[in-house]
Every structure is written in structure tokens, then in C-alpha cells.
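**Q** Before I ask anything, let me first share the structure, which is written out below as C-alpha cells.
The values are calculated or read from the model by the stated rules, or taken from the named source; none is laboratory data. Small disclaimer: the values here were computed from a predicted structure and weren't measured. FYI the Cβ positions are ideal-geometry reconstructions off the backbone, even for glycines, and counts take in every protein chain you see.
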Amino acid sequence: MTRPARRLPSLTALRSFEAVARTLSFTRAAAELGVTQAAISRQVSALEAALAVKLVVRGRARNALTDAGEALYSGVNRAFDCVEQAVARISGSGGREILNVSVAPFFSAYWLTPRLASFLRRHPEIDLRLHHSYHPADFRREGIDIGVNWGSGLWPNAKIDLVLAGDLTPVMSPALAPRAGRLAHPRDLLRLQLLYEFDLGDWKAWFEASNVAMPEVDSLRLSDTHALRRMALDGHGVALLFADMLDEDLAAGRLIQPFPVQVNTGANYYLNYPSDSELPSKSAKFKRWILEQSSGRSAAR
């Protein structure tokens with residue numbers, strides 16, 4: 001179905017207005033766009049005439065936007081931001097296919113990025129662009145092709161595939177162990193400050209899985225996985241972290257796992273992509289590769 005033609009004012013006039021509205025100066029707007037002040041003034045006046053509304057109150061000392069001008073600037077500014085982001089996504093690709101991937105920051109740093117070289121070797125025709133986000137993308141609005149995000153997977157307009165289980169397990173710095181005393185049973189962790197990211201109920205679920213009733217405890221929530229890991233590394237307490245992303249820290253001895261119990265609270269890392277359209281070749285290649293990486297990890301376990 002063919003979309004109807006857009007009913008928009010002159011883009012040149014909109015661009016001139018956006019520069020004036022942002023700087024509140026016809027002089028600075030003209031310098032920014034490389035035209036004369038008179039040309040900017042004519043474009044803004046033409047826009048006001050086309051819309052039949054006053055947008056800018058011109059003053060000797062200072063210009064100001066009317067209510068209509070503020071409303072138009074808000075919309076135009078968001079639209080230009082979207083255009084700017086879209087241009088950035090497609091520029092510099094050298095003719096290769098651009099694949100925009102939304103990915104959770106901690107997952108990107110500790111699981112995805114160390115494996116990316118194999119994808120790039122396999123698919124040199126793809127220019128991979130990572131966009132870090134804590135939430136699944138609005139594919140149409142944000143120009144994202146495919147994502148890997150943490151959560152329930154119950155996201156609108158998205159198909160999902162499990163990449164990595166979100167099982168949580170306690171870890172701590174070896175330096176904290178002497179101060180903690182003998183840790184012979186999971187209940188002994190109650191002597192330490194409990195660090196968590198999402199919900200104190202996650203610790204409760206872990207203790208229940210360890211057959212321990214959790215009383216009121218000394219706890220601290222950090223709303224970022226990187227910060228949570230840092231607090232654990234620095235010996236400030238015992239943290240619930242993603243079990244499948246601890247191999248490097250455990251092998252290097254930076255963290256220790258006092259007890260092997262893991263708990264899944266219903267959230268995992270899922271590959272997600274639009275449900276209302278066929279997956280393009282570049283996205284299908286990424287999906288195939290990352291699920292191979294994930295299944296290899298599962299097989300190793």
C-alpha cells in the first residue's frame with residue numbers, strides 16, 4: 001500500500017527555524033548555516049506565513065519563541081535528531097551492509113565483545129554497529145535491526161530466542177573472605193553486606209534455593225551491573241551476579257564463588273527482532289552466529 005505524500009513545510013525553512021529557535025539568534029543561525037541573516041529571516045517569515053502563526057518574537061536585545069514556536073521547535077528538534085542518528089548509522093560503511101544491534105552494556109562487555117572477532121571474520125561484508133541500551137529497542141523508531149537484551153522476553157512486536165540464562169549466583173572478593181569468617185553454609189553469607197542490582201527478592205529466592213530463611217539483612221542496591229561487580233571486586237560485600245559471565249573473573253581469582261547455588265528469577269538474555277517482518281539476511285547471519293556461540297557455551301556446561 002502506497003503511503004500518502006507528507007504535508008510538510010519547506011525543509012529549508014524548517015532548518016532555518018530550528019537554528020534560530022536553538023540559538024535564539026538570527027545572526028548565529030546564519031553563520032551556522034553559511035547564509036546571510038536576511039536569508040534566514042526570509043525563511044522564518046515564509047514559514048510563519050505558510051503556517052499562519054507567529055513563531056518568533058523578534059526583539060532588539062533578545063529574540064524569543066512564542067508558544068507555537070516552542071511546540072514546533074520541540075517536534076522539529078526531535079525529528080532532526082532522528083535524521084542525524086540515521087545518517088550516523090549508515091555513514092562510513094564503505095559499501096558494506098550495516099547491522100545495527102541493540103545490546104545490554106554488561107552483556108556486551110563480558111560476553112559479546114570477546115566473541116565478536118569470529119563474527120567479523122565470518123562476515124566481513126557486514127559493518128556491525130553496537131548500540132548500548134538497558135531496554136529492548138523500538139525497531140522502527142530507533143533504526144535497530146536486532147537486539148540482545150535482558151528481561152522477561154515478553155516484549156511487544158518482538159520475536160525472541162534465548163541466548164544466555166540469567167541465573168544469579170553469589171560472588172565476592174578473596175580479600176573479603178578472612179573478614180567474613182568461615183563460610184561453611186549459605187546462611188553464613190547473612191553476616192555480610194548483600195549487594196544486588198534488581199530486587200532484594202532475588203537474594204530471598206537464592207536463600208530459599210539454599211534452604212535458608214532470609215531475615216532482615218544489611219543490603220545495598222546498585223542499579224548498574226558494572227557498579228555491582230566493582231563493589232564486589234573491592235570487597236564491599238557479596239554480590240549476586242550472572243553466573244554465565246563470571247568465568248574470567250573466577251579463573252583469574254579476582255572473585256570467588258562461595259557456594260555453587262544458582263537461581264533464575266524469570267529474566268534472561270534474549271535475542272529479539274521484529275515480529276512483523278521477515279528477518280533480513282544480515283540479521284539472520286547474526287542470529288545464526290550468536291545462537292551457535294550460545295549453544296556452544298551450553299554444551300560446554
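**Q** Examine the range 210-224 for a residue that is crowded, with 22+ Cβ neighbours inside 10 Å and either modelled with pLDDT of 95 or more or under 28 Å from Ile290 (Cβ atoms) (or both), and state whether such a residue exists.
**A** Within the range 210-224, none of the residues are crowded, with 22+ Cβ neighbours inside 10 Å and either modelled with pLDDT of 95 or more or under 28 Å from Ile290 (Cβ atoms) (or both).
**Q** To continue, here is another question. Any idea which residue in the range 40-63 is surrounded by the most Cβ atoms within 10 Å (Cβ to Cβ), counting only those that are free of Cβ contacts under 8 Å to residues at least 12 places away in the same chain and in a helix (DSSP H, G or I)?
**A** Among residues in the range 40-63 that are free of Cβ contacts under 8 Å to residues at least 12 places away in the same chain and in a helix (DSSP H, G or I), the one surrounded by the most Cβ atoms within 10 Å (Cβ to Cβ) is Glu48.
**Q** Let me ask something else. Tell me, yes or no, whether the range 138-160 has at least one residue that is among the acidic types (Asp, Glu) and free of Cβ contacts under 8 Å to residues at least 60 places away in the same chain.
**A** Yes, because at least one residue in the range 138-160 is among the acidic types (Asp, Glu) and free of Cβ contacts under 8 Å to residues at least 60 places away in the same chain.
**Q** Are any residues in the range 226-265 in contact (Cβ under 8 Å) with a residue 12 or more places away in the chain, part of a helix (DSSP H, G or I), among the aliphatic types (A, V, I, L, M) and more than 17 Å from Trp203 (Cα to Cα), and if so, which ones?
**A** Residues satisfying the conditions are Leu233, Met245, Leu250.
**Q** Here's something else I'd like to know. Which residue, of Ser152, Ser133, Ser108, Ser102, is outside the structural domain of Leu55 (by TED's automatic domain parsing), under 30 Å from Leu189 (Cα atoms), touching a strand residue (DSSP E or B) at 6+ places or on another chain (Cβ under 7 Å) and polar (S, T, N, Q)?
**A** Criteria check complete, one pass: Ser108.
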